[in-house]
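Chemist: Pasting a structure below so you can have a look.
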Amino acid sequence: MFAPQGPTFRELAVQALSSVERGYDLLAPKFDHTPFRTPDAILTPVSRALQRLGPFDSGLDLCCGTGAGVDVLRQVCRERVTGVDVSAGMLAEGRAHDRAAPSVPRTDWVRADARALPFGPVFDLAVSFGAFGHFLPRERPGLFSQVRSVLRPGGRFVFPIGAPARPGSPGYWTLLAFDAAMRVRNALWRPSFVMYYRTFRLTDVCADLTRTGFDVRLHTLPELGRRPDGSPRCRLVVATRAA
């Protein structure tokens, strides 16, 4: 699962017994060598879809980590790109590897909690990749309200969401076991480390977005294929802020 440059088992154990913020601070130097970074196989189709929806002037990468989504925004935004994350270590890695050419939009790296964003309605586009498992279902409405508050009217909140693993499949049991282990860990150890893979369900997410004031549309990402029943393996959620 991990490249030779990735974290050791001991390092992962220390991270898992830390808070989310501290854990990612520790993991940051090796994060891009783990499967936790969103792969280019997903980033590239999303970038193509955004190019069809855009262009945009300013973009926000929510929970940006080391900047995989920032690179996507640079391809579709003309003026300004901002990455926001709670982990100072992840932001430091993003800044350290920021080798943007002068022709791309200005990039800002901002440390903040996604549940309390320090911006006004200045963005045309917000994206997020692989971070929603860090928020409990009860936190989603507040999170989505924060995103809506920093978008201009007509601005879009866009993110990919994979189809759930088929019940009984190896992927299903793997994710079930991981979530169960995290629940036991959080019941026995403090500080908690919120990371659950099975709580971000498409139907619930769309309902929360709609209640928050978004108009929600789903786009397929054909490059990522279809499941045996013909349904997409991954959809792109495009939530537009109503005026």
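The values are calculated or read from the model by the stated rules, or taken from the named source; none is laboratory data. None of the values given here were measured: they were computed from a predicted structure. Every residue, glycine among them, receives a Cβ derived from its backbone with ideal geometry; neighbour counts consider all protein chains shown. The protein model used for the area step is the full one, side chains on, heavy atoms only, and it has no ligands, DNA or RNA in it. Shrake-Rupley method; radii C 1.70, N 1.55, O 1.52, S 1.80 Å.
Chemist: Say we join alpha carbon atoms closer than 10 Å with springs in a Gaussian network model of the chain; which of L73, L50, L17 then has the biggest fluctuation?
Modeler: L17
Chemist: Report the antiparallel proportion of the DSSP beta bridges in the chain as a percent, rounded to a multiple of 5. Before the final figure, lay out the partial values.
Modeler: On the way: 15 of 35 bridges.
That works out to approximately 45 percent antiparallel.
Chemist: Quick check: from the Cα gyration tensor, does the range 194-237 come out rounded (a/c under 1.5), prolate or oblate?
Modeler: oblate
Chemist: Relative contact order for the range 115-172 using alpha-carbon pairs under 8 Å, separation at least 6, rounded to a whole percent?
Modeler: Result for the range 115-172 is 47 percent.
Chemist: Right, something else. Please give the contour-minus-distance gain from V20 to R211: 0.36 nm per residue of separation, less the Cα-Cα distance, rounded to one decimal in nm.
Modeler: 66.0 nm is the gain from fully extending V20 to R211.
Chemist: Using a 1.4 Å probe on the protein heavy atoms, what percent of the accessible area of the chain belongs to carbon and sulfur? Provide the component values of the computation, followed by the final result.
Modeler: Working: 6840 of 12190 Å².
Carbon with sulfur: 56 percent of the solvent-accessible area.
Chemist: Please list, ordered by chain and number, the residues whose modelled amide H lies under 5 Å from the amide H of D57; skip anything fewer than 5 residues away on the same chain.
Modeler: R78, D124
Chemist: Just to confirm a number: summing +1 for Lys and Arg and -1 for Asp and Glu over residues other than T210 whose beta-carbon lies under 13 angstrom from that of T210, what do you get?
Modeler: +2
Chemist: Contact order normalised by length for the chain, with contacts defined as Cα pairs under 8 Å and 6 or more residues apart; what percent is it?
Modeler: Normalised by residue count, the contact order of the chain is 19 percent.
Chemist: Evaluate the range 1-128: find the radius of gyration of its Cα atoms, find its Kirkwood radius, and give the ratio Rg to Rh.
Modeler: 0.99
Chemist: Still on this structure, I have one more. Spin-label point model (7 Å from Cα, Cβ direction): what's the A96 to R166 distance in nm?
Modeler: A separation of 4.3 nm, rounded to one decimal place.
Chemist: Once you list every other residue whose beta carbon is under 12 Å from the beta carbon of L53, what net charge do they have if Lys and Arg are +1 and Asp and Glu are -1?
Modeler: Residues close to L53 contribute a combined charge of +3.
Chemist: Expected output is a single nm value to one decimal: the length gained when fully extending between F9 and R115, i.e. 0.36 nm times separation in residues minus the C-alpha distance. What is it?
Modeler: 35.1 nm
Chemist: If you build a Gaussian network model of the chain, linking Cα atoms that sit under 10 Å apart, which residue out of G59, G213, G83 swings the most?
Modeler: Largest GNM mean-square fluctuation: G213.
Chemist: Note down the accessible area of R152, probe 1.4 Å, to the nearest 10 Å².
Modeler: 90
Chemist: Just to confirm a number: summing +1 for Lys and Arg and -1 for Asp and Glu over residues other than G171 whose beta-carbon lies under 13 angstrom from that of G171, what do you get?
Modeler: +3
Chemist: Any chance you could run the full-extension gain for T203 through D229? It's 0.36 nm times the residue separation minus the Cα-Cα distance, nm to one decimal.
Modeler: Result for the pair: 7.5 nm of gain on full extension.
Chemist: What is the projected area of the convex hull of the Cα atoms of the range 95-226, averaged over all directions, in nm²? Please list the in-between numbers first.
Modeler: Numbers: hull surface 44.5 nm².
Projected over every direction and averaged, the Cα hull of the range 95-226 covers 11.1 nm².
Chemist: If you don't mind, another one. On average, how much accessible surface per residue is there in the chain, in Å², for a 1.4 Å probe, leaving out ligands, DNA and RNA?
Modeler: Using a 1.4 Å probe on heavy atoms only, each residue of the chain averages 50 Å².
Chemist: Let me have the 222 nm mean residue ellipticity of the chain computed from DSSP H runs of 4+ only, each contributing -39500 (n - 2.57), with the sum over all residues rounded to the nearest 500.
Modeler: It lands at -11000 deg cm²/dmol.
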